[in-house]
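The values are calculated or read from the model by the stated rules, or taken from the named source; none is laboratory data. Predicted, not measured: the structure shown is a model, and the values here were computed from it. No Cβ is skipped: glycine too gets one built from the backbone with ideal geometry, and neighbour counts run over all protein chains shown. These area figures cover heavy atoms from the full protein model, side chains too; ligands, DNA and RNA do not enter into them. Shrake-Rupley method; radii C 1.70, N 1.55, O 1.52, S 1.80 Å.
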Amino acid sequence: MEGRIEEHPILQFKRKKKIKFYFEDREVEAFEGETVAAALHAAGIRVLRHTPNLGRPTGLFCAIGKCSSCLMEIDGIPNVRSCMTKVKEGMRVRRQKGKGDVL
Ligand code: FES
């Protein structure tokens, strides 16, 4: 799993169980307890959505649930903050285009 800090001079990382989920039909590995956005970032996926008006790509920005840069469709539900949502085994994640479907 590239894109993760493996060693740090003062921090230690205790990884939990390895799991798999799907990003647009691609299998992605993650660790339990990670957010969807963190797992995608570690897998090299930086574009999480496209803006409604201009269709510009956006990715992680605040990473603390305060902006809307990371909205994605998760398990069929649009407008989910992927930086605040913990990844689960078998979860289906899609890049959101525009405002997402109205439920
Ligand atoms: S990156 Fe800002 S809410 Fe997720």
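Restrict the check to segment 67-82 and report whether at least one residue is over 17 Å from K99 (Cα atoms) and either touching a Cys at 6+ places or on another chain (Cβ under 6 Å) or among the small types (G, A, S) (or both). Break it down into steps so the answer makes sense when it comes.
Step one: list which residues in segment 67-82 are over 17 Å from K99 (Cα atoms), which gives none.
No, there is no match, as no residue in segment 67-82 is over 17 Å from K99 (Cα atoms) and either touching a Cys at 6+ places or on another chain (Cβ under 6 Å) or among the small types (G, A, S) (or both).
List the strands (runs of 3 or more DSSP E) that sit entirely inside segment 2-102 and contain at least 3 residues that are within 12 Å of the ligand (Cβ to nearest atom). Full working, then the answer.
Values: elements: 18-23, 26-31, 71-74, 77-81, 92-97.
Correct list: 77-81.
In segment 70-103, which residues are open to solvent by 100 Å² or more (accessible area, probe 1.4 Å), at pLDDT 95 or above and over 11 Å from A37 (Cα atoms)?
We begin by selecting, within segment 70-103, every residue open to solvent by 100 Å² or more (accessible area, probe 1.4 Å); these are 81, 84, 86, 88-89, 92, 94, 97, 99, 101-103.
Next, only the ones that are at pLDDT 95 or above stay: 81, 84, 86, 88-89, 92, 94.
Of everything in segment 70-103, those that are open to solvent by 100 Å² or more (accessible area, probe 1.4 Å), at pLDDT 95 or above and over 11 Å from A37 (Cα atoms) turn out to be K88, E89, R92, R94.
List the number of the failed condition for C67; all other conditions in (1) surrounded by 17 or more Cβ atoms within 10 Å (Cβ to Cβ); (2) touching a Phe, Trp or Tyr at 6+ places or on another chain (Cβ under 6 Å) hold.
The number of the failed condition is (1).
Here is a list: G44, G33. Which entry is within 14 Å of the chain's Cα centre (by Cα) and farther than 24 Å from G76 by Cβ? Before you say what the answer is, go through the steps one by one.
Numbers: G33 fails: farther than 24 Å from G76 by Cβ.
Residue meeting the stated conditions: G44.
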